[in-house]
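Q: Would you mind keeping the following structure in view while I ask a few things?
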Amino acid sequence: MNRIDAIYAILIKVFEKGELLSKHLGRNFGDISVSEVHCIEQISRIEEANVTKLSEGMELTRGAVSKLTKKLLQKGVIEKYQKPENKKEIYFKLNDQGKEICLKHHHEHQKLEEGFKKLLARYEDQETLLLFLTDLNEAFKEMMERETENEH
């Protein structure tokens with residue numbers, strides 16, 4: 001097996017373990033999916049969060065964000081509102097349940113961040129790591145966009 005094949009094989013194992021970890025951590029949020037938790041987190045960060053701003057922040061299509069916010073509204077963890085001067089635009093905010101989920105998510109991320117930073121500090125060539133992960137993120141984004149386009 002050459003180096004590229006070995007790296008690819010390990011990468012697949014990393015993704016599989018990451019998916020399992022994500023599902024495991026997701027159990028802490030009941031019927032709220034990982035994507036929904038990330039949407040909640042973005043709503044907490046973005047002032048006057050609307051579908052467009054959430055789409056940009058999450059790097060998802062507006063259609064995907066619309067579906068997420070609709071589910072979160074149905075589950076009663078976010079609220080929608082409009083400004084008196086603009087009845088056309090819909091904004092989102094967290095209610096108490098959404099704030100609780102966001103806080104729990106923040107604590108989980110802090111634990112993961114500590115572990116990953118210790119791991120990353122072991123490597124001298126962090127520029128190559130950064131380049132690879134940036135490229136990988138962009139590749140996933142493009143794949144997701146293609147898949148979303150194929151759904152329509």
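Q: Compute the accessible area per residue over segment 88-148, keeping the other protein chains in place, probe 1.4 Å, unit Å². Each step should come with its number before you reach the end.
A: Numbers: 5110 Å² over 61 residues.
On a per-residue basis, 84 Å².
Q: Quickly estimate the mean residue ellipticity at 222 nm for the chain, helices only: each DSSP H run with n ≥ 4 gives -39500 (n - 2.57), and the total goes over all residues, rounded to 500. Write down the numbers at each step before the final one.
A: Values: 6 runs with 109 residues, N = 152.
Counting only the DSSP helices, I get -24500 deg cm²/dmol.
Q: Which distance in Å, rounded to a whole number, links the C-alpha centroids of segment 1-64 and segment 84-112?
A: 16
Q: Build a GNM of the chain with springs between Cα atoms under 10 Å: which of Gly115, Gly63, Gly76 gets the top mean-square fluctuation?
A: Gly115
Q: Work out the length of the dipole vector of segment 69-110 about its Cα centre, built from +1 on the beta-carbon of each Lys and Arg and -1 on the beta-carbon of each Asp and Glu, and round it to the nearest 20 debye.
A: Values: 10 positive and 6 negative charges, 50 e Å.
The dipole magnitude comes to about 240 debye.
Q: Here is a further query. Under the definition of Cα pairs under 8 Å and six or more residues apart, what whole-number percent is the relative contact order of segment 1-87?
A: Details: 36 pairs, mean separation 15.3, N = 87.
Averaging sequence separation for qualifying contacts and normalising by length gives 18 percent for segment 1-87.
Q: Restricting things to Cα coordinates, could you compute the convex hull volume per residue of the chain in Å³? Kindly include the intermediate steps, with their values, before the conclusion.
A: Numbers: hull volume 22.7 nm³, N = 152.
Looking at the chain, the number lands at 149 Å³ per residue.
Q: Quick check for me: using +1 on Lys/Arg Cβ and -1 on Asp/Glu Cβ, what's the dipole size of segment 18-146 about its Cα centre, in debye to the nearest 20? The partial results should precede the final answer.
A: Values: 22 positive and 23 negative charges, 144 e Å.
For segment 18-146, the charge dipole is close to 700 debye.
Q: How long is the gain from Asn95 to Glu19 if the chain were fully straight, where each residue apart is worth 0.36 nm and the alpha carbon distance is subtracted?
A: On the way: separation 76, 0.36 × 76 = 27.36 nm, distance 2.84 nm.
That pair, Asn95 and Glu19, stretches by 24.5 nm at full extension.
Q: Using a Gaussian network model of the chain with C-alpha springs under 10 Å, which one of Asn28, Asn50, Asn137 is most mobile by mean-square fluctuation?
A: Taking springs between Cα atoms under 10 Å, the residue moving most is Asn137.
Q: Now for a different question. With a 10 Å cut-off between alpha carbons and a GNM built on the chain, which of Lys88, Lys104, Lys23 moves the most?
A: Fluctuation is largest for Lys88.
Q: As a quick test, which of the pairs Lys13/Lys99; Lys23/Lys118; Lys53/Lys75; Lys87/Lys111 have an alpha carbon distance above 30 angstrom in this structure? Before the final figure, lay out the partial values.
A: Values: Lys13/Lys99 34 Å; Lys23/Lys118 23 Å; Lys53/Lys75 21 Å; Lys87/Lys111 41 Å.
Over 30 Å Cα-Cα: Lys13/Lys99; Lys87/Lys111.
Q: Which whole-number percentage describes the relative contact order of the chain, with Cα contacts under 8 Å and a sequence gap of 6 or more?
A: Relative contact order here is 19 percent.
The values are calculated or read from the model by the stated rules, or taken from the named source; none is laboratory data. Just so it is clear, the structure is predicted and the values come from calculations on it, not from any experiment. Every residue, glycine as well, gets a Cβ built from its backbone with ideal geometry; the counts of neighbours run over all protein chains shown. Ligands, DNA and RNA are excluded from the accessible area calculation, which covers all protein heavy atoms including side chains. Shrake-Rupley method; radii C 1.70, N 1.55, O 1.52, S 1.80 Å.
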